[in-house]
Amino acid sequence: MSNAYDAIVIGAGMSGLAAAIRLAMFDRRVVVLERHDVWGGLNSFYQFRGHQFDVGLHAMTNWAPRGAKGLPLSRLLKQLRIRHEELDLHPQGYSAVSFPGARLRFSNDFELLRSEVARAFPAQADGFDALTRAVRGFNELDLEAPQQDARPVVRRFITDPLLQDMLFCPLMFYGSAREHDMDWDQFVVMFKSIFLEGFARPAAGVRHILKLLIRRLREAGAELRLRTGVSRLLVEDGAARGVVLDNGETLMAGAVLSSAGLVETQQLAGGASLLPGQQPQAGRLSFTESISVLDCPARNLGIEETIVFYSDRLPFAYEQPRDDVDVSSGVICMPGNFDLPEPPRDHLVRITNMADHGRWAALGHGPEYSAAKQRWYAKSCAAAVPHIADFRPHVTLVDTFTPRTIRRFTGHAGGAVYGSPRKLRTGRTGIDNLYLIGTDQGFLGIVGAALSGISMANRWVLQGSGE
């Protein structure tokens with residue numbers, strides 16, 4: 001059986017849904033193929049013992065107020081013809097970076113972080129201002145810009161190693177596929193999205209964003225197939241012609257946009273190189289995350305921060321752990337501390353730590369795996385409470401996911417949330433008609449992922465046809 005489409009989109013995450021909506025808006029016949037029975041990838045949601053939990057999303061970065069011009073969120077809304085109020089976004093109060101001997105608060109008002117740096121690191125204030133000007137002046141949308149490491153650039157402005165690490169910590173945890181460093185363009189993207197723009201969240205969490213995108217997808221006329229995995233790409237004469245599904249069905253298309261990841265898409269192509277002369281590297285960075293349900297709001301316990309990024313080790317080590325989990329650093333999120341119109345149904349504390357996929361994969365599926373989750377949950381909480389008030393006596397329910405969960409729901413080798421350390425910024429692969437979107441194209445976060453799908457659809461499918 002064979003069907004023909006203008007475009008096939010692999011994966012119903014943020015980038016895949018946004019790409020399909022954009023193409024369908026211009027009357028392209030588009031199908032989105034998703035292996036699982038729910039859309040969203042790791043940015044999804046599920047029900048557990050009567051509670052609705054988000055997966056992946058702590059916050060949407062790139063906050064922009066209604067009517068703002070030229071910001072990533074504004075561009076996303078314009079491209080998908082979504083009204084700002086439809087997102088139901090509510091900004092953070094304030095968040096913090098907590099390291100030994102120093103704590104920096106930041107909010108959606110950049111002046112708070114600027115004043116905090118001047119207070120805690122007075123000798124670095126001028127350098128921080130100069131770094132901010134360099135970030136503002138860099139065009140991260142120039143997909144052809146040469147790659148350079150971020151740390152040497154930052155060191156030209158910030159000479160204190162502690163402040164360097166405190167600035168890198170949130171940016172790395174929320175977007176870096178590289179150990180120890182970031183690409184400068186990705187540092188700029190994350191600095192702007194977290195520090196200059198900031199965090200917000202829908203009252204109903206990520207499910208609200210996903211339902212909005214699915215409604216737009218259907219209104220635009222795109223097709224979504226769940227429980228439909230791709231077994232391989234059809235590549236003939238150096239060009240992608242379509243896909244073969246797990247059930248043996250063949251779908252033909254003029255273009256294939258893959259959000260599966262660089263390494264994973266190359267595997268679908270039968271090993272045909274997507275980077276001529278280079279072998280793409282699988283990512284090494286994965287995470288565990290626990291969700292603790294409390295019997296009262298976090299603020300009742302004296303926890304005012306929305307998100308806390310912490311490290312107990314100096315220098316800050318962003319690398320694959322030598323143990324199952326590295327609790328010396330992490331992210332602590334209190335979703336109920338966003339500026340919500342009414343108290344949330346569930347009062348949550350979410351803790352994210354770096355973890356080793358290989359060690360978790362070796363545990364099997366029995367009691368050993370469950371015991372490891374319980375053991376590392378206790379260690380993770382113990383490491384978190386020096387940075388926030390002790391919430392443990394108020395926990396009524398816990399759920400935990402590991403790198404194995406990430407591997408299952410993203411398909412990323414090694415459970416690497418942020419994919420390969422090598423990004424394909426232009427989206428163009430070594431195979432004609434095959435384009436990369438999402439994590440391994442290089443735009444980050446929910447807004448960034450959606451813009452990745454939109455920009456690649458615009459550049460390689462719509463512009464190529466004169467739209």
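The values are calculated or read from the model by the stated rules, or taken from the named source; none is laboratory data. Source: prediction; values computed, not measured. Here the Cβ positions follow ideal geometry from the backbone for every residue, glycine too, while neighbour counts run over all protein chains shown.
Remarks
- Qualifying residue in the range 191-207 (condition: out of contact with any Asp or Glu (no Cβ under 9 Å at 6 or more places or on another chain), without any contact (Cβ under 8 Å) to a residue 24 or more places away in the chain and polar (S, T, N, Q)): no
- Some residue of the range 289-298 being more than 22 Å from the chain's Cα centre (by Cα) and in a helix (DSSP H, G or I): yes
- Criterion violated by ARG136 - all others in (1) surrounded by fewer than 19 Cβ atoms within 10 Å (Cβ to Cβ); (2) modelled with pLDDT of 95 or more; (3) closer than 27 Å to MET354 by Cβ; (4) not hydrophobic (A, V, I, L, M, F, W, C) satisfied: (3)
- Flag if SER193 is under 27 Å from the mean Cα position of the chain (by Cα), surrounded by 19 or more Cβ atoms within 10 Å (Cβ to Cβ) and more than 23 Å from ALA24 (Cα to Cα): yes
- Qualifying residue in the range 230-237 (condition: of a type in the set (Val, Ile, Thr), closer than 30 Å to ARG392 by Cβ and modelled with pLDDT of 95 or more): no
- The range 327-377 - residue that is acidic (Asp, Glu) and touching a strand residue (DSSP E or B) at 6+ places or on another chain (Cβ under 8 Å) and, of those, nearest to SER286 (Cα to Cα): ASP356
- Residues of the range 349-362 satisfying the condition of being touching a residue at least 12 places away in the same chain (Cβ under 8 Å) and over 20 Å from the mean Cα position of the chain (by Cα): GLY358, ARG359, TRP360, ALA361
- ALA68 being small (Gly, Ala, Ser) and closer than 28 Å to ARG22 by Cβ: yes
- SER115 being of a type in the set (Ser, Thr, Tyr) and surrounded by fewer than 19 Cβ atoms within 10 Å (Cβ to Cβ): yes
- Any hit, the range 398-408, residues being closer than 22 Å to ALA203 by Cβ and not small (Gly, Ala, Ser): yes
- Residues that are part of a loop (DSSP other than H, G, I, E, B) and without any contact (Cβ under 8 Å) to a residue 24 or more places away in the chain were ranked within the range 253-288; the one that is farthest from ASP356 (Cα to Cα) is GLY277.
- Residues that are part of a strand (DSSP E or B) and among the small types (Gly, Ala, Ser), drawn from the range 235-252: ALA239, ALA240, GLY242
- Among the conditions (1) within 17 Å of the chain's Cα centre (by Cα); (2) within 30 Å of ARG28 (Cα to Cα); (3) charged (D, E, K, R), the only one that GLU236 does not satisfy is (1).
- Residues (among the hydrophobic types (A, V, I, L, M, F, W, C) and surrounded by fewer than 15 Cβ atoms within 10 Å (Cβ to Cβ)) located in the range 67-109: ALA68
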